[in-house]
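Here is the structure we will look at, set down as structure tokens.
The values are calculated or read from the model by the stated rules, or taken from the named source; none is laboratory data. Everything quoted here is computed from the prediction, not taken from an experiment. Positions of Cβ are generated from backbone atoms using ideal geometry, with glycine treated the same way; all protein chains shown enter the neighbour counts.
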Amino acid sequence: MDVTIIGLPRTGKTTLLQALAGAELSGGGIATVRVPDERLDKLSKIFEPKKDVYVEIRAREAAWPGVGGSRRKSEMEKYINAIRGSQLFIHVIAAVQTPMMTAPANPLQDLQKLDDEMIFSDLVAIERILEQSVRSPLDPNLKKLLERFKDVLEGDQPLWTQELDEREHAMITGYNLITLTPQLVVVNTAEDDEGKHGVSDFGDRLHGRHVASLCFTTAKEVSFLPTEEQELFAQELGLDGPAAARVSQEAFRQLDLISFLTVGADECRAWAIRRGTVAKSAAGVIHTDFEKGFIRAAVVSYEEFMQRKSLKACREGGVLRLEGKEYVVQDGDIIEFRFNV
Ligand SMILES: Nc1nc2c(ncn2[C@@H]2O[C@H](COP(=O)(O)OP(=O)(O)OP(=O)(O)O)[C@@H](O)[C@H]2O)c(=O)[nH]1
Ligand SMILES: [Mg+2]
């Protein structure tokens, strides 16, 4: 999953990225974050596979071009290229005075400011497309959708608030509208204010976004420790856990993702899918051949499995179910796909 950290200057974006990566970042600036998964930890202990593969989040930072004034088209293009393909924006706001900040921290105002900029940017983009359509007419359905979006934006609402069906989604993705990408809000707090900034601080300005709050500098220090020590140190500091764990958990919530697991002597692995995904599509996340040749899925829940600790015992105990292509995969399902190639 690709995510981009956005936010006003000096809010702590780089610090968060380093905290997620657990290291100083090299040139490319991409942090690969392993989504912690206790279930996979435990399954790997049982199967002792050659490798275990966690869900990965690739995160990078993109500074919004020229806040509050001069913004050249080339800068905007650069920005759009930098964020292309992101499934989620992590919108960082600061509730703590960071060095070089010129005014007292005001997280609500910052949130509003960047939201306004992004909404305005989409509005300009849509107006441009509609103007051009006078000369080369648009598909009537696309035009209708753009007009609907224009109304939404003019009402100061970002586009991620809109439910789109698959057809609408396909029509609009090429246009790189910035507020179509869902966002998670992450608040950079003072050390003693961890977890204190929540939904109630921002009210309806969140437009449905989830909020996580943590002290980025502390999070960075914790993440630079050896993995075994991180959890303990976080506990001692009274933190909810390491940053990578907390932010990825919220990212999953924001995108309504769940994970299913595959197990075996070669590999134990976690896979992220949207809640509500049916077995046949879940198979396609692993391999298109699995989806095309799908026959059945043998499924056991993680909890049932852990009572027996082997697939053979699950089969014998009658808890390994055979499900068809329409089965809605549940969080923590352990699945073995049967397919034809
Ligand atoms: N005191 C304090 N300083 C912080 C905190 N978070 C970040 N900083 C400092 O604030 C400065 C800016 O942080 P960055 O992470 O570079 O912020 P940024 O958003 O990436 O900044 P730009 O990329 O320049 O827009 C750095 O010197 C950080 O060490 C914090 O929670 N407390
Ligand atoms: Mg930075």
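Key figures for this structure:
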{"item": "Residue match in the range 15-33 (condition: within 12 Å of ligand 1 (Cβ to nearest atom), in contact with a Pro (Cβ under 8 Å, 6 or more places away or on another chain) and among the polar types (S, T, N, Q))", "result": "no"}
{"item": "Top-ranked residue in the range 181-205 [being without any contact (Cβ under 8 Å) to a residue 40 or more places away in the chain and away from ligand 1 (no atom under 16 Å from the Cβ); ranked as surrounded by the most Cβ atoms within 10 Å (Cβ to Cβ)]", "result": "Gly198"}
{"item": "Subset of the range 210-219 (residues that are assigned to a loop (DSSP other than H, G, I, E, B) and in contact with a Leu (Cβ under 6 Å, 6 or more places away or on another chain))", "result": "His210"}
{"item": "Which listed residue, of Pro99, Pro104, is within 16 Å of ligand 2 (Cβ to nearest atom), part of a loop (DSSP other than H, G, I, E, B) and over 24 Å from Leu146 (Cα atoms)", "result": "Pro99"}
{"item": "Test set (1) out of contact with any Phe, Trp or Tyr (no Cβ under 9 Å at 6 or more places or on another chain); (2) surrounded by fewer than 19 Cβ atoms within 10 Å (Cβ to Cβ) - Phe149 fails condition number", "result": "(2)"}
{"item": "Which listed residue is surrounded by 15 or more Cβ atoms within 10 Å (Cβ to Cβ), away from ligand 2 (no atom under 13 Å from the Cβ) and more than 22 Å from the chain's Cα centre (by Cα), from Phe89, Phe47", "result": "Phe47"}
{"item": "Which listed residue, of Leu164, Leu138, Leu145, is in a loop (DSSP other than H, G, I, E, B) and over 20 Å from the mean Cα position of the chain (by Cα)", "result": "Leu138"}
{"item": "Check on Ala313, modelled with pLDDT of 95 or more and over 30 Å from the mean Cα position of the chain (by Cα)", "result": "yes"}
{"item": "Filter result (closer than 30 Å to Gly332 by Cα and among the small types (Gly, Ala, Ser)) within the range 24-50", "result": "Ala31, Ser44"}
{"item": "The range 275-313, residues that are over 20 Å from Lys325 (Cα atoms) and among the hydrophobic types (A, V, I, L, M, F, W, C)", "result": "Phe305, Met306, Leu311, Ala313"}
{"item": "Candidates Ala125, Ala94 - the one that is among the small types (Gly, Ala, Ser) and within 20 Å of His169 (Cβ to Cβ)", "result": "Ala125"}
{"item": "Number of the exception - Asp115 against (1) within 16 Å of ligand 2 (Cβ to nearest atom); (2) of a type in the set (D, E, K, R); (3) in a helix (DSSP H, G or I)", "result": "(1)"}
{"item": "Matching residues, the range 1-26, being farther than 28 Å from Thr102 by Cα and without any contact (Cβ under 8 Å) to a residue 24 or more places away in the chain", "result": "Ser26"}
{"item": "Top-ranked residue in the range 27-44 [being away from ligand 2 (no atom under 16 Å from the Cβ) and in a strand (DSSP E or B); ranked as farthest from Ile5 (Cα to Cα)]", "result": "Arg34"}
